[in-house]
Structure formats: C-alpha cells, structure tokens
Amino acid sequence: MKKPLINFEEQQGSCETILRQTLTKKQLVKQIHCYSLTDCLTILKNSGYTGDTAIFILANFQTLEVEA
C-alpha cells in the first residue's frame, strides 16, 4: 500500500496559511495605497517582519506601485 503524499491535516494547514498570507497581502497593499505607514508596519509586525526587513518590504511594494 502506498503512503499518501500529503495527509489531510497537512493540506488543511497549508490552505489556512495561504489564506492568511493572501488576506495579509491584501490588507498591506490597501494600507500602502492609503499611505498609512503605521498600519503597514503593524501588519508586517503581526506577520513576523520587523525592523529593517519590514522597511525593505514596504520600500519594494511602494516602488512596484509607482512603476505600475
């Protein structure tokens, strides 16, 4: 008997992670469009990004927004 590649619990966990990441990204992009730096940093902090990493992420998102 072959072992399944992914069991149900692992698959459910990864779906929840993807949904959380998608919602977080949408929230972050919305706050960037509103130029709300404090809210952006809060969203990134809740996602585990702080300090220079958070600032780097924001700078890249803003650069992409300006280019679009």
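Which number in (1) outside any helix (DSSP H, G or I); (2) modelled with pLDDT of 85 or more; (3) more than 14 Å from the chain's Cα centre (by Cα); (4) not hydrophobic (A, V, I, L, M, F, W, C) marks the one condition that residue 52 misses?
Of the numbered conditions (1) outside any helix (DSSP H, G or I); (2) modelled with pLDDT of 85 or more; (3) more than 14 Å from the chain's Cα centre (by Cα); (4) not hydrophobic (A, V, I, L, M, F, W, C), the odd one out for residue 52 is (1).
Identify all residues within the range 29-65 that are open to solvent by less than 60 Å² (accessible area, probe 1.4 Å) and aliphatic (A, V, I, L, M); write none if there are none.
Residues satisfying the conditions are 29, 32, 43, 44, 54, 57, 58, 59.
The values are calculated or read from the model by the stated rules, or taken from the named source; none is laboratory data. Not measured: the values here are computed from a predicted model. The protein model used for the area step is the full one, side chains on, heavy atoms only, and it has no ligands, DNA or RNA in it. Shrake-Rupley method; radii C 1.70, N 1.55, O 1.52, S 1.80 Å.
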